[in-house]
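For reference, the structure discussed in these notes is given below.
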Amino acid sequence: MTDRVSARLAGLPGSATLAMSARARELRAEGRDIISFAAGEPDFPTPEHILAEASRAIHDPVNHKYSQNAGLPPLREAVAENTRIYSGVEVDPSQVIVTNGAKQAIFDVCAALFDPGDEVLVPAPYWVTYPAAISLTGATPVPVPSLASTGFKVTPDDLDRVRTAATKALILVSPSNPTGSVYSHEELAAIAEWASRHGVWVVSDEIYQRLAYGYPEAAPSIAAAGADLDRLVLVNGVAKSFAMTGWRVGWAIAPPDIVGAAERFQSHATGNVSNVAQRAAIAALTGPQDTVVSMREAFDRRRRLMYELVTAIPGIECHEPEGAFYVFPDVSAHVGDRFASTDEMSMAILEDAGVATVSGEAFGMPGHIRLSYATGEPEIERGMSAMRDLLISN
Ligand SMILES: Cc1ncc(COP(=O)(O)O)c(C=O)c1O
């Protein structure tokens, strides 16, 4: 008898972060008071001017029909302009493909770039979707270990240790999910030089670029740090900076041959992204930017609060994050006697303390957990206190 599920999908794990959020929702539905540090999304509402444009767009019949598969021309133009401002590189709107969130951008790009036998370097801890998207093409994700002591950032020496003749690309994310690390311009320049020297593609996921604390506007981009533009793909979207996770608008920017292949792939897989959501994204990118700044300020306050509370728990070490909305503490001192694994510990924190976290095992780094501070300060205080009580009780 043939297997019912394909070999390709049989071994594919579901998204651990979504699974944890789903379990937290279930417990809430049962009436439990659950504080969630699991979600990877802002808790703010989408700004009003974006909603107003979406409401208008719903009633415009032009938006009721299929539109260009690669995205509405004004959105591709707005993305090109946004990329010039925040990533420091001139791109033509024809190099932009608009996707159902940055997630689909990653899948499109992996499908366009990778073949079975290719190796793709993924600094660990990594965002859970990269290995999944790479593996589905038949290519092999190769984790590049990083250490908390060096801010979870990899260097050309680290990359050299795992590079082989089959290395096709490096997927980099800065600011990082799950660590909150931000690469400096100089660190990116060193990686860009290494990649150009070896003809390695760089896929730079910049979805958190405007959530970098201590940078006036945006985190540094490898695009402006000497990357070979002929082997560079940028991935971005409106989800995190504009509190628009549910709208599903992201994009990839790539050289013409790669964007063309991605367009052909997307023309079969999904076609155009919802026109109303695209109109909302145009309003986000071209409208007032003050909400990005006020959300960033709020995240920064929460970041400092959560970092202070997490490092006050005995036995926990934590690298101070500089971007995104996550802290990624080392909890290994608490795993062992009481909990057989980090997964088990994370589940106990949810079931017994009512606090949802995501175990580092999903990110390729057991012994750590990811805590999202995209939630209010009172919840951060209550959740951290419940977690602390659970961990220090015997
Ligand atoms: C690093 C990273 N890239 C991409 C995404 C996906 O973003 P989107 O909601 O636009 O698909 C996420 C969402 O969690 C993320 O953390």
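Side notes on the structure shown:
- Amide H partners (placed H, <5 Å) of residue 140, local residues excluded: 117, 118, 119, 120
- Per-residue [θ]222 nm for the chain (sum of -39500 (n - 2.57) over DSSP H runs n ≥ 4, rounded to 500): -13000 deg cm²/dmol
- Here the Karplus relation 6.51 cos²θ - 1.76 cosθ + 1.60, evaluated at θ = phi - 60°, turns the backbone of the range 230-241 into coupling constants of 7, 10, 10, 10, 10, 10, 7, x, 8, 3, 8, 7 Hz, with x for every Gly and Pro.
- Summarised as an ellipsoid, the chain has semi-axes of 32, 26, 21 Å, derived from the eigenvalues of the Cα gyration tensor scaled by 5 and square-rooted, with the largest first.
- Contact order for the range 65-286, expressed relative to its length and based on alpha carbon pairs under 8 Å spaced 6+ residues apart, stands at 28 percent.
- Cross-link reach is defined here as a Cα-Cα straight distance under 25 Å, omitting same-chain residues fewer than 8 places apart; for residue 153 the lysines meeting it are 103, 168, 240.
- Amide H contacts under 5 Å for residue 367, placed H, 5+ residues apart: 342, 360, 361
- Unit charges at the beta carbon, dipole of the chain: most positive-side option, 211, 29, 227: 29
- The range 65-286: translational diffusion in µm²/s, Stokes-Einstein, Kirkwood Rh over Cα pairs, 37 °C, 0.692 mPa s: 191
- Relative exposure of 318, 110, judged by other C-beta atoms within 10 Å (fewest first): 318, 110
- Between 314, 355, 286, the Cα set farthest toward the positive side of the dipole of the range 279-384 (charges on each charged residue's Cβ, about the Cα centre) is that of 286.
- By other beta-carbon atoms within 10 Å, ranking 349, 253 with the fewest at the front produces 349, 253.
- Using the Karplus relation 6.51 cos²θ - 1.76 cosθ + 1.60 with θ = phi - 60°, the per-residue 3J(HN,Hα) values for the range 300-312 come to 5, 4, 5, 4, 5, 5, 5, 4, 4, 6, 6, 6, 7 Hz, with x marking Gly and Pro.
- Cα shape, the range 323-393, gyration tensor, a/c 1.5 rule: oblate
- Residues with amide H under 5 Å from that of residue 36, placed H, sequence gap 5 or more: 356
- The relative contact order of the chain comes to 23 percent, based on Cα pairs under 8 Å that sit 6 or more residues apart.
- Average Cα contact separation per residue, the range 272-394, under 8 Å, 6 or more apart, as relative contact order %: 24
- Shown in residue order for the range 191-208 are the 3J(HN,Hα) couplings computed by the Karplus curve 6.51 cos²θ - 1.76 cosθ + 1.60 at θ = phi - 60°: 5, 4, 5, 4, 5, 4, 4, 9, x, 9, 5, 10, 9, 9, 8, 10, 4, 9 Hz (x for Gly and Pro).
- Largest GNM mean-square fluctuation across 248, 279, 338, computed for the chain with C-alpha springs under 10 Å, falls on 338.
Rule-based calculations on the coordinates, nothing more; no lab input. Owing to the predicted nature of the structure, the values given are computational and were not obtained by experimental measurement. Because the Cβ atoms are built from the backbone with ideal geometry, glycine has one as well, and the counts that use them run over all protein chains shown.
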